[in-house]
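What follows is calculated from the coordinates using simple rules that are stated; it is not laboratory data. These numbers come from a predicted model, not from an experiment. Virtual Cβ from ideal backbone geometry, glycine too; neighbours counted across all protein chains shown.
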Amino acid sequence: MIDIKQISDKALNLLKEVNQAEFFSTDHYRHEPNTKFERNIMIDDFISYLPDKPNKRFYILQIKPHKLEFSNSYNIETDIINLFHPSWFKSMDIYYSILFHEIGHSTGHKKRLNRAYLVNYPNYLITTEKRKCKEEIVAELIALFLSVYFELDDKTLIKCCKYINIYIEKSRDLTSKELVKLVKYAEKSLRYLLGIEKENNPNIKEED
């Protein structure tokens, strides 16, 4: 039996311990691809059996992560996750945590859990900064919960915590009540991804 509360509590306790002022590095990539990367079969199996999973597309190997016009991302309009090839990442744990983040975004799609504020998320010009921050927090909480569940390394867990703290800091007017609600959204998404919460009513939107 999967204990969602235990996963959530462990992740949130770690989040409290990580200093939000600590430097967050986005240097997750190698200068040359590693052709001998080892996949985590357990995580790959989990991803292959995701309920109503989004499409996943790797950039071709020749596209380097250092090219600014490309990024890891989820597009809600096409329901596609774009990722750099795993061989570019410094560790497979980092790769999986970033994939978890994009999968986290995808749970907000209208055919899954239908987070209301994701409607215009791909277009930052018409998405408020607060909505963007809220969604980044939810997606990275999901990544943190899944990273704890699959026992990724401490360095990866700390990366997740720092990322969350950055967006909590950016959203200065985010209340404690709103933050608790975002944690609930992430826990709901975790239950959905792990097959505990199978029902999805697309007519019920999560609040703004």
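What order do you get for MET42, MET1 when you list them from fewest to most C-beta neighbours inside 10 Å?
Numbers: MET42 10, MET1 4.
Ranked by crowding around the Cβ, least crowded first: MET1, MET42.
If you rank GLU129, GLU136 by fewest surrounding Cβ atoms within 10 Å, what's the result?
GLU129, GLU136
On a 30 Å Cα-Cα criterion, which of the cross-link pairs LYS5/LYS162; LYS36/LYS159; LYS90/LYS184; LYS36/LYS134; LYS16/LYS130 come out too long?
LYS90/LYS184; LYS36/LYS134
Going by how many other beta carbons lie within 10 Å of each one, how would you line up VAL138, VAL183, fewest first?
Values: VAL138 28, VAL183 18.
Listed from fewest to most nearby Cβ atoms, that is VAL183, VAL138.
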